Each structure stands twice: as structure tokens, then as C-alpha cells.
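Undergrad: Once you've had a glance at the structure underneath, I'll fire off some questions.
Taken together, the values in this text are just the output of simple stated rules run on the coordinates, not laboratory data. Nothing here was measured: the structure is a model prediction, and the numbers come from that model. Note that we place each Cβ from the backbone using ideal geometry, even for glycine, and neighbour counts take in every protein chain shown.
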Amino acid sequence: MVIKYLLEKEWKQFFRHKFMPKLVVIFPLMIMVFMPWATTLDIRDINTVVVDHDVTETSRQFTRTINASSYFLLQDVVAGYDEAIDMMEFGDADLILEIPAGFEDEYAQTGAANILVAINTVNTTKGVLGRAYIQMLAAQLPPAVEDSAAPALVPKMEMLVKNMYNPLLDYKYTMIPGLMVVVIVLLCGFMPAANVVEEKELGTIEQINVTPVSKFSFILAKLIPYWLIGLLAITLCFLLAWLIYGLTPAGSLWTIYFFTVLFILTMSGLGLVISNKSSTMQQATFVMFFFVMIFLMMCGLFTPVRSMPDWAQSIAAFTPTKYMVDVMRNVYLKGSSLADLQTEMIALSIMAVLLNVWAILSYRKSS
């Protein structure tokens, strides 16, 4: 019965805010509608300048191939390299392709020819992918002449590529499951932390402290509303992913809900630990923001964890977001089952238990 009255108090306190109930709906909407488009790492429309010293049919065909590609945006074909460099320095070009004189003759005789590619690598991702795209187009350039007397070309290896789990290589499909994790982190991490600290600042928590309510009941009453809010938010994310992007889980929806419950327990427990240790809203917000930044940067949402240095991978192993992002992507795209996600289940379960026990023990109740 004590829990019932405490929960009634929490819900009244929650709906007393004019903005908080709206945030639960608006925040998933903003994340799911706009962020998949803004967080894409697909590199397209690379501003390209061609310096054509050969001016032959083969060099012009290569230029047309580049212009037709969705990866490149041909800005100009200029006569000199210095002019192209000036365009790059002024930000009008990201990539310079210089075709040397004699390119067609050399390519016709040997089946190979050299070209110069200069890339603006201020943006390393754009530079690396731009080079890869150019190499791919160059490999597809047909022979310059059809002459039976020409020396036999070195046979090329042909690859038949099958894209698994994300056949269209749509980066939004990679980001959407991870962005659902971001929604849970911010709603079920920040909100419980802010709730307890707000009561400290208003002085209402002192009234609770002098009652016979146990620490366990108090913490449980604080957590249950945000568990329900988290489940409501993730359900809304599922609906938006289906309605807007046509993305549905390849695996079981119940598997996602099971791991969502574990993750919500983990994040809400962390939020309460931080709020118990904080005396002001500002302090709790900054500490929570510190952890959220680490969680988001090291969870593999934007950069694969295996691409990080060993020391960073060691830190990432202690972040709950790493395991939850893996779960969401594996279930959504690969159709993984609970049996395939044993490591993630054990890790999140341990973190959930430790943080919630810590939240109960760290709450100082005076009678």
C-alpha cells in the first residue's frame, strides 16, 4: 500500500509539469524524424575538379563516368593543376583528379595508367571514401581500344558482392536502432536524476525522510514511472521507424523489450545514484551529461568499437550503451535471438543489479 501512495505522488508530480509529459512524446519524435538524416556517414556529392592534360576520348569518358556518379559532384574541368589547387584552397573542391598526357595511349597498350588524385583530408572520412570511390570507378573503366594485336591484358578478378542484413547499404537503417538507445538514455537517465534533486531543492524530500517509508520503497517508487515512460518511448520509436522508414525488426519484438527493460533499469539506477550524490540540479545535470557523452561516443553508434584503440575498447566494455546498441542492431537487422545475445544479457543484468543496489544504499534517509 505504501508503494501505491508513493506512485500516486510521483505521477501527480510528473503531470504537474507542463513540459515534461510533452517531452516524452516530442523527444522520440524529434530523434526518429530528423536524426537519421542528420547523422548519416554516407559520403555523396564530393566536389570534384578534373585536370585533363590528355584531352582524348578515354579521358573524357572517365570524366563523364565521374559526373554520372552520385558520389561525385563535378565542379569544373580545368587546364592546369594550379587552378584546381586554388579551388580547393577556397573550399570549392574536395578532390582533384589529374589525368596526365598520354593517358589513353598508355592505357591502350598496357591496360594500366597512372592518374593523380589529390584529396582534401580535413574531413578524413570524406577523404578516405573519396579515394575508394575513385579507385572503384577507375577499375570499371573499359579498354581504350578493341585491338586484337594489343598485348593481352592481365585478367581481372571479378567479385560478386552480396550485402547481408542491409542489402541497400542504407545508413539510416544502421542509425535508427542506435538512436532508439539514445532516446532511452536521455529519458531514463536524466529524468530520474532530475526528479530526486528537484525534491531536494524544494525541500519536499525532507517530508519523506521523516516518514517510516523504507529506502527500498522510496527508490522503487521513483523508478517505476520512468520504467513505464521508457517502454512507452521505445514503443513510439518502433511505430515511427515503421511508419516513416518502413523498418521493422527482423527478430522478435519481445527480445527487444526484454533488453529494453534491462537497459532502463541500468540507466535509471545510474540516474538515481547521481541524484543521491548531488545536492543541486546543476551538479546532477553536469555529472549525468559527462556520463552520457562517454556512453554515446564509445558505444559504437558512430564509430565501430573494434576500430578504437585497445584502451578505449576496455572503457567501452563498461558502458551499458555498447551492449544495448549491439542488441538493437542485431535484433533489428540480423534477427538475432536471446540465445545469440548471452554476453549482452549478462553484462546488462550485472550493471542493472549493481547500479540499483548502489542507488538504494546511497540514498541517505534520516528518521
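Undergrad: Taking θ = phi - 60°, what integer Hz values does the Karplus form 6.51 cos²θ - 1.76 cosθ + 1.60 yield along the range 115-121, in sequence order, with x for Gly and Pro?
TA: Along the range 115-121, the couplings run 9, 9, 10, 10, 10, 6, 9 Hz.
Undergrad: Starting from 0.36 nm per residue, how many nanometres of slack lie between Leu23 and Ser214 once their C-alpha separation is accounted for?
TA: Details: separation 191, 0.36 × 191 = 68.76 nm, distance 3.07 nm.
That pair, Leu23 and Ser214, stretches by 65.7 nm at full extension.
Undergrad: Then there is this: Obtain the nm distance between the two label points defined at Asp170 and Ile294 by a simple spin-label model: each point lies 7 Å from its Cα along the Cα-to-C-beta direction.
TA: 3.6 nm
Undergrad: Oh, and also: Would you mind calculating the gained length between Leu202 and Trp242 on full extension (0.36 nm times residue separation, minus the Cα-Cα distance), in nm to one decimal?
TA: Working: separation 40, 0.36 × 40 = 14.40 nm, distance 4.20 nm.
Once the chain is fully extended between Leu202 and Trp242, it gains 10.2 nm.
Undergrad: Please return the longest range in the chain lying between exposed loop sites, taking trypsin sites (Lys or Arg not before Pro), DSSP loop only, at most 16 other beta-carbon atoms within 10 Å, and leaving the sites out.
TA: Working: sites that count: Lys18, Arg44, Lys156, Lys162, Arg364, Lys365.
The answer is 163-363.
Undergrad: So, R0 is 35 Å and r is the distance between the beta-carbons of Ala38 and Leu141; what FRET efficiency does that work out to, to 0.05?
TA: On the way: r = 35 Å, r/R0 = 1.00.
Result of the calculation: an efficiency of 0.50.
Undergrad: If you find the alpha carbon centre of the range 275-307 and of the range 215-254, how far apart are they in angstrom?
TA: So the separation of the two Cα centres works out to 20 Å.
Undergrad: Could you work out the relative contact order of the range 281-367, using alpha carbon pairs under 8 angstrom and six or more residues apart, expressed as a whole percent? If you can, show how the numbers build up before the last one.
TA: Numbers: 41 pairs, mean separation 18.8, N = 87.
So the answer I get is 22 percent.
Undergrad: At 0.36 nm per residue, and after removing the present C-alpha to C-alpha distance, how many nm does the segment from Trp254 to Ile3 gain when stretched out fully?
TA: On the way: separation 251, 0.36 × 251 = 90.36 nm, distance 2.74 nm.
Roughly 87.6 nm would be gained on extension.
Undergrad: Quick check: Cα centre of the range 317-350 to Cα centre of the range 44-117, how many Å?
TA: 46 Å
Undergrad: Counting only C-alpha contacts under 8 Å and six or more residues apart, can you give the relative contact order of the chain as a whole percent? The partial results should precede the final answer.
TA: Values: 461 pairs, mean separation 69.2, N = 367.
It comes to 19 percent, rounded to a whole number.
Undergrad: Between Leu160 and Asn67, what is the label-to-label distance in nm when each label sits 7 Å out along the Cα-to-Cβ direction?
TA: 3.6 nm
Undergrad: Scan the chain and hand back the longest stretch that contains none of the GluC sites (Glu not before Pro) lying in DSSP loops with at most 13 other Cβ atoms within 10 Å. Could you put the intermediate results ahead of the total?
TA: On the way: sites that count: Glu146, Glu158.
Answer from the scan: 159-367.
Undergrad: Okay, moving on. What angle, in degrees between 0 and 90 and rounded to the nearest 10, separates the Cα long axis of helix 342-362 from the longest principal axis of the Cα atoms of the chain?
TA: 40 degrees
Undergrad: In addition: So what's the back-of-envelope 222 nm ellipticity for the chain, counting only DSSP H runs of four-plus at -39500 (n - 2.57) apiece and dividing by all residues, rounded to 500? Intermediate results must be reported in sequence, preceding the final value.
TA: On the way: 15 runs with 222 residues, N = 367.
Taking each H run of at least 4 residues, the total per residue is -19500 deg cm²/dmol.
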